[in-house]
């Protein structure tokens, strides 16, 4: 221990089965001991023993070294001597101090193998090999040379996680008889809610409420919305990474993905600023089970896509704000459908560069938006689809983004992406124009009143009230919101999704994610095709996904390492 001051986040991330760490809510993981939802810091095994819930949870643990004390030193201490950790308030609790949980470290040298190595991570979560040392809260102490430990010594290396917020001096004391202090040292720790460490910007989270034109700081779950202090003389050259989430996420899920990104960037050495941009995707879609109870859910994805296109303008407003504060140092990571939001924001920026580098990860948008030379896919999908029904209006829509709104655009793709494959994203595109779509309280049927080989500008899209007589013609040339509605609900993509397509031109680089992930040994002939891999960088264990975040910060993408 030394006299450094360290600031950490209390755990508020999604862990067991990708659930989050909120006590007593539907998002928390069930304890094996109680069968009820508990936060990770109270997770217990069936016997009631405090354990680390899973390897993924290790990203929330920091290291603690107790240096210079060996078993020989312990043996040489005067009889009745104790070696304790406390907040310096034993017998007189100061409730401004934090609470932490301590576990024996798996790394023999106190390293970070528990985060980066699969074997070490497995050892670390084994409660027999790396037992729980104890909980240290206000007024409490942990005796490290107690008889409960082998050779009367708990060890020199530990990992710990936060339990409750606070600021305090973690104090190591060697004392004789409890009163005679032989040696003492401290290090200062501040624990804060992770939502007080990064910026959350939102234009709304309920699809039924009109979009905000300008993003505002999110106020949920914290006493006051967090914003970084800003000093133009010192912060202008600070890097800022903004994360844009994808489809089918509740508000808390948007935060958990952002917080996973924030933590993983930290473990890769990123010391800049971070924010998330929330837009009102629909959520709660669970496939066939959703359709059985609510048939209108068939259009959950496409209605969300319409919202995503409309959200681009508000994202551009936020990017303009950020670029004024951090000129040339703003970066975007967008995931899945979030790439429609990000791509449209950059298109609207035109030649005004508001982003240094934009990484489109697993993008759920037509690859033709960047490159019309990508081959068309087959429109034959028996027994539902036999031919295309609309012209290809997506061609080169985002052509100017690389070198325009963004200095550099990089495509992170997976050719076998589950969510973007033939039977999922592509089939959804082939089902357009959508029929009997519930939008604004009315059911609509969309159509194209022309030929699929019509020349531009293809201004023949329309919608009609289902089982009614009202017809609305779209002007996709002069009314941008009309075009957004058509792209979301009526116009088919003629090719694969950006996030599943190699060799896309008009981007600076394309990174195959299969090269940065560990080999998929379970599916050697069709690797990385499970649903998990569509968002593995957030859902997977850190040791498994560290390559993704290293690549993101590396020279091929953000170039911030």
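The values are calculated or read from the model by the stated rules, or taken from the named source; none is laboratory data. Here the structure is a predicted model, which means the values were calculated and not measured. Neighbour counts run over all protein chains shown; Cβ positions are idealised from the backbone, glycine included.
Structure above, values below:
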{"quantity": "Where residue 136 falls short, out of the listed (1) buried (at least 19 other Cβ atoms within 10 Å of the Cβ); (2) more than 20 Å from residue 165 (Cα to Cα); (3) in contact with a strand residue (DSSP E or B) (Cβ under 8 Å, 6 or more places away or on another chain)", "calculated": "(2)"}
{"quantity": "Residue ID - nearest to residue 435 (Cα to Cα), chosen from residues in the range 362-406 that are at pLDDT below 95 and assigned to a strand (DSSP E or B)", "calculated": "385"}
{"quantity": "Hey, residue 89 in a loop (DSSP other than H, G, I, E, B) and either under 27 Å from residue 190 (Cβ atoms) or in contact with a strand residue (DSSP E or B) (Cβ under 9 Å, 6 or more places away or on another chain) (or both) or not", "calculated": "yes"}
{"quantity": "Hits in the range 61-80 (condition: in a loop (DSSP other than H, G, I, E, B) and either in contact (Cβ under 8 Å) with a residue 60 or more places away in the chain or on the phi < 0 side of the Ramachandran plot (or both))", "calculated": "61, 66, 67, 69, 70, 77, 78, 79, 80"}
{"quantity": "Flag for residue 229 being modelled with pLDDT under 95 and either surrounded by fewer than 23 Cβ atoms within 10 Å (Cβ to Cβ) or not in a helix (DSSP H, G or I) (or both)", "calculated": "no"}
{"quantity": "Some residue of the range 326-334 being assigned by TED's automatic domain parsing to the domain that holds residue 411 and under 20 Å from residue 417 (Cα atoms)", "calculated": "yes"}
{"quantity": "Matching residues, the range 57-85, being closer than 30 Å to residue 259 by Cβ and more than 31 Å from the chain's Cα centre (by Cα)", "calculated": "66, 85"}
{"quantity": "The one condition in (1) at pLDDT 95 or above; (2) touching a helix residue (DSSP H, G or I) at 6+ places or on another chain (Cβ under 6 Å) that residue 61 fails to fulfil", "calculated": "(2)"}
{"quantity": "Residue in the range 262-279 that is assigned to a loop (DSSP other than H, G, I, E, B), within 19 Å of the chain's Cα centre (by Cα) and within 25 Å of residue 420 (Cα to Cα) present", "calculated": "yes"}
{"quantity": "Residue in the range 491-508 that is surrounded by fewer than 16 Cβ atoms within 10 Å (Cβ to Cβ), out of contact with any helix residue (DSSP H, G or I) (no Cβ under 7 Å at 6 or more places or on another chain), more than 12 Å from residue 362 (Cα to Cα) and modelled with pLDDT of 95 or more present", "calculated": "yes"}
{"quantity": "Check on residue 358, modelled with pLDDT of 95 or more and over 23 Å from residue 549 (Cβ atoms)", "calculated": "no"}
{"quantity": "Hits in the range 31-55 - residues which are at pLDDT 95 or above and part of a helix (DSSP H, G or I)", "calculated": "55"}
{"quantity": "Single condition residue 444 does not satisfy, out of (1) assigned to a loop (DSSP other than H, G, I, E, B); (2) within 37 Å of the chain's Cα centre (by Cα)", "calculated": "(1)"}
{"quantity": "Test: residue in the range 424-437 that is out of contact with any strand residue (DSSP E or B) (no Cβ under 7 Å at 6 or more places or on another chain) and surrounded by fewer than 16 Cβ atoms within 10 Å (Cβ to Cβ)", "calculated": "no"}
{"quantity": "Listing of strands (runs of 3 or more DSSP E) fully contained in the range 454-561 that carry 1 or more residues being free of Cβ contacts under 8 Å to residues at least 12 places away in the same chain and farther than 21 Å from residue 345 by Cα", "calculated": "471-473"}
{"quantity": "Lone unmet requirement of (1) modelled with pLDDT of 95 or more; (2) under 20 Å from residue 334 (Cβ atoms); (3) outside any strand (DSSP E or B) for residue 243", "calculated": "(3)"}
{"quantity": "The range 166-179 residues that are outside any strand (DSSP E or B), paired with ones that are surrounded by fewer than 18 Cβ atoms within 10 Å (Cβ to Cβ) (beta carbon under 7 Å, 6 or more apart)", "calculated": "177/80; 178/82"}
{"quantity": "Tally, over the range 82-111, of residues that are in contact with a helix residue (DSSP H, G or I) (Cβ under 8 Å, 6 or more places away or on another chain) and either at pLDDT below 95 or surrounded by fewer than 20 Cβ atoms within 10 Å (Cβ to Cβ) (or both)", "calculated": "1"}
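Matching residues to (1) under 14 Å from residue 504 (Cα atoms); (2) surrounded by fewer than 19 Cβ atoms within 10 Å (Cβ to Cβ); (3) under 27 Å from the mean Cα position of the chain (by Cα):
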| residue | (1), (2), (3) |
| --- | --- |
| 356 | no, no, yes |
| 375 | yes, yes, no |
| 387 | no, yes, no |
| 393 | no, no, no |
| 396 | yes, yes, no |
| 402 | yes, no, yes |
